[in-house]
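Below you'll find the structure, written out as structure tokens, and then a few comments.
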Amino acid sequence: MAGISWHYVLKFIITGDSAVGKSSLLIRLTDQRFITNPDPTLGVEFGSKLINIEEQNKVVKLQCWDTAGTESFRSITRSYYRGAAGCLLVYDVTNRTTFTNARTWLADVREHADPHLTCILVGNKVDLCSDDSSTSASGKHREVPTEEAELWAKEEGLLFVEASAKSGQNVQEAFEKATRDILDKIQRGV
Ligand code: GDP
């Protein structure tokens, strides 16, 4: 689009187990919509979005790669870690296994990505948790307490947010939070 320019282009990767909502978060960020049954993630999908970080007075173009969650695609996804400035490490708050597996994904990121990469842990599907009942209408309930994830993120030096691709809650904020951190690092010359 004519007239729109940006100060930085940042590559983001979205990683985590299959079905935690990686594609849905990307679609929510770039298209502001939610699809109940998106095509299964095959390989890698791509989306781009301009965001304005007002505090730093910078417009940033995010180039986001949605990496596949299954083990069989590991060899495809690994090359996509290269050159990434930011990473969304996604788990599903209603599925403890996906949170446990986030450790493996983080190890993978640490092994292959730039050591200065900013990583934000994203607990997705918070719309399925209602605080006043243990089971939501969908039959799903929270399996990962916020405090536990927050503590682990702190220990690992990760940013943290809970979000919902379905409602849109905290989706753009997750990308913005990571972007602010990256801009801080750029300004500090890290
Ligand atoms: P991916 O394999 O990690 O890319 O996951 P998808 O984006 O394909 O999502 C897997 C399933 O979870 C789909 O049926 C989505 O509609 C659903 N889903 C994704 N995000 C959310 C969310 O925030 N809330 C709810 N309730 N469902 C979600």
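The values are calculated or read from the model by the stated rules, or taken from the named source; none is laboratory data. This one's a predicted model, so the numbers in the text were calculated from it and none came from an experiment. Heads up, the Cβs are rebuilt from the backbone with ideal geometry, glycines too, and the neighbour counts pull from every protein chain shown. SASA here: full protein model, heavy atoms, side chains in, ligands and nucleic acids out. Shrake-Rupley method; radii C 1.70, N 1.55, O 1.52, S 1.80 Å.
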* Asked: In what order, largest first, do Phe34, Phe175, Phe160, Phe46 sit by accessible area if the probe radius is 1.4 Å?
  -> Phe46, Phe34, Phe160, Phe175
* Asked: When all protein chains stay in place, what accessible area (Å², nearest 10, 1.4 Å probe) is found for Trp105?
  -> 10 Å²
* Structure fact -> Spelling it out for Glu45: with amide H atoms placed in the peptide plane at 1.01 Å from N, the residues 5 or more places away or on another chain with amide H under 5 Å from its amide H are Asp66
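With a cap of 14 neighbouring Cβ atoms within 10 Å, and only residues DSSP puts in a loop, list the trypsin sites (Lys or Arg not before Pro) found in region 85-190.
On the way: sites: Arg96, Arg103, Arg110, Lys125, Lys140, Arg142, Lys154, Lys166, Lys177, Arg180, Lys185, Arg188; in loops: Lys125, Lys140, Arg142, Lys166, Arg188.
Within region 85-190, the qualifying trypsin sites (Lys or Arg not before Pro) (loop, at most 14 other Cβ atoms within 10 Å) are Arg188.
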* Structure fact -> HN-Hα couplings for region 143-151 via Karplus (6.51, -1.76, 1.60; θ = phi - 60°), in whole Hz with x for Gly/Pro, come out as 10, 10, x, 3, 4, 5, 5, 4, 5
